[in-house]
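See below for the structure under consideration.
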Amino acid sequence: MQFKEWLIQENKSENTIKTYLIHLNGYKKWFQESYNSEINKLYRENILDYISYMINVKKLNARSINAKLAALLKYNEYLVEIGEQDSIVISKKDLIKVQKEYTSPSILKKSEVESFRQKILEKSSKRNYTIATLLAYSGVRITEALSIKLSDVNLKTMEILIRYGKGKKQRTVIINDKIRNAINEYIKEERDKMKNSDKEYLFISQVGDHLDRTSINRIFNVYSDKITPHSLRHFFCSHALENGWSMHEVALQAGHSNLNTTMMYSHPSLDNLKRKSNLL
């Protein structure tokens with residue numbers, strides 16, 4: 001069994017699998033260049049040399065190093081499970097400790113989000129405007145948004161069923177008037193006129209194909225060098241808390257499995273901390 005197939009069986013997301021494979025290939029390249037040899041198993045001595053290389057030669061930050069080590073840790077588990085290796089030579093203890101940041105992950109102001117939405121409305125399509133609106137005011141992930149089917153949307157009850165959330169957990173998210181109006185206009189004015197408009201997904205291309213996240217990232221990059229699908233999710237979480245939503249309400253809406261994730265958005269923004277620092 002290949003490492004990628006093993007990760008799929010472990011129920012890892014497509015993005016996580018892609019990241020693990022990139023980091024593993026990075027290690028293999030370093031190993032080949034360092035020892036003029038292909039790797040067949042992991043040795044702790046090599047892992048320690050690799051950590052030293054990343055710190056002292058590449059001068060990577062702790063988060064980058066930890067991401068690469070996490071991939072090797074998984075690869076080590078894989079080698080043991082398939083019988084290619086009989087010992088674990090890397091563990092979470094090898095990860096570099098990083099002081100937890102107590103600032104909100106959101107860096108967007110509402111005025112920036114609204115300006116972004118208006119640009120897309122005026123210069124792009126109703127479909128792209130609807131996607132941006134949905135991400136900003138519902139908190140769904142981009143992969144969840146693109147997996148929504150027409151039958152999952154109920155504009156009367158102001159609800160959307162998310163069938164395939166993170167960890168394959170299903171949940172119902174509520175939508176506001178901004179989202180409902182955007183979806184309604186998109187379906188009526190644009191989607192119903194597309195080729196193969198009977199396709200089951202809410203968001204489809206001009207020829208009826210299912211959209212992927214890469215195409216949406218590319219569209220967002222045209223209209224902003226700051227706003228991404230993921231940053232709109234951050235915006236929703238912090239904006240909802242600022243406007244009276246409880247931690248549990250935001251966690252349910254955004255599909256957070258751990259309340260600690262939601263708590264990050266209750267922290268002040270980095271800009272606010274800097275502003276307060278200048279008042280000292």
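The values are calculated or read from the model by the stated rules, or taken from the named source; none is laboratory data. All values reported here derive from a predicted model rather than from experimental measurement. For neighbour counting, all protein chains shown are included, and Cβ atoms are generated from backbone atoms with ideal geometry for every residue, glycine included. Side chains are part of the model used for accessible areas, which takes the heavy atoms of the whole protein and leaves out ligands, DNA and RNA. Shrake-Rupley method; radii C 1.70, N 1.55, O 1.52, S 1.80 Å.
For the chain, the share of accessible area belonging to carbon and sulfur comes to 48 percent (1.4 Å probe, ligands and nucleic acids excluded).
The listed residues SER138, SER215 rank as SER215, SER138 when sorted by accessible area, largest first, using a 1.4 Å probe. Spin-label model, LYS92 to ASP225: label points 7 Å out along the Cα-to-beta-carbon direction sit 3.9 nm apart. Our compactness index for the stretch 47-86, the C-alpha radius of gyration over the empirical 2.2 N^0.38 Å, is 1.34. Past 18 Å, Cα to Cα: identify those pairs from LYS28/LYS74; LYS4/LYS92; LYS109/LYS226; LYS123/LYS156; LYS126/LYS166; LYS74/LYS169, in the order given. The answer is LYS4/LYS92; LYS123/LYS156; LYS126/LYS166; LYS74/LYS169. Here ASP209 sits with roughly 90 square angstrom of accessible surface, probe radius 1.4 Å.
Accessible surface for the chain, divided over its residues, is 59 Å² per residue with a 1.4 Å probe. Over the C-alpha trace of the chain, radius of gyration and Dmax come out as 22.2, 64 angstrom. When the square roots of the Cα gyration tensor eigenvalues are ordered a ≥ b ≥ c, the ratio a/c for the stretch 101-178 is 1.5 or more and a/b does not exceed b/c, which makes its shape oblate. Mean sequence separation of contacting Cα pairs (under 8 Å, at least six apart), scaled by the length of the chain, corresponds to a relative contact order of 19 percent. What is the log10 of I(q)/I(0) for the stretch 1-89, computed with the Debye formula using one identical point scatterer on each Cα and no solvent, at q = 0.19, 0.20 Å⁻¹? So the normalised log intensities are -0.91, -1.00. Mind checking the log10 I(q)/I(0) for the stretch 1-149 at q = 0.09, 0.13, 0.18, 0.20 Å⁻¹? Debye, one equal scatterer per Cα, no solvent, two decimals. Here log10 of I(q) over I(0) equals -0.46, -0.79, -1.06, -1.20. Of the residues ARG63, ARG233, the one with the largest accessible area comes first in the ranking ARG63, ARG233, computed with a 1.4 Å probe on protein heavy atoms. Under 20 Å from the 7 Å Cα→Cβ point of VAL80, by amide nitrogen: which residues of the stretch 1-23? Inside the label zone: 1-12, 20-21. In terms of accessible area, using a 1.4 Å probe and ignoring ligands and nucleic acids, ARG191, ARG171 rank largest first as ARG171, ARG191.
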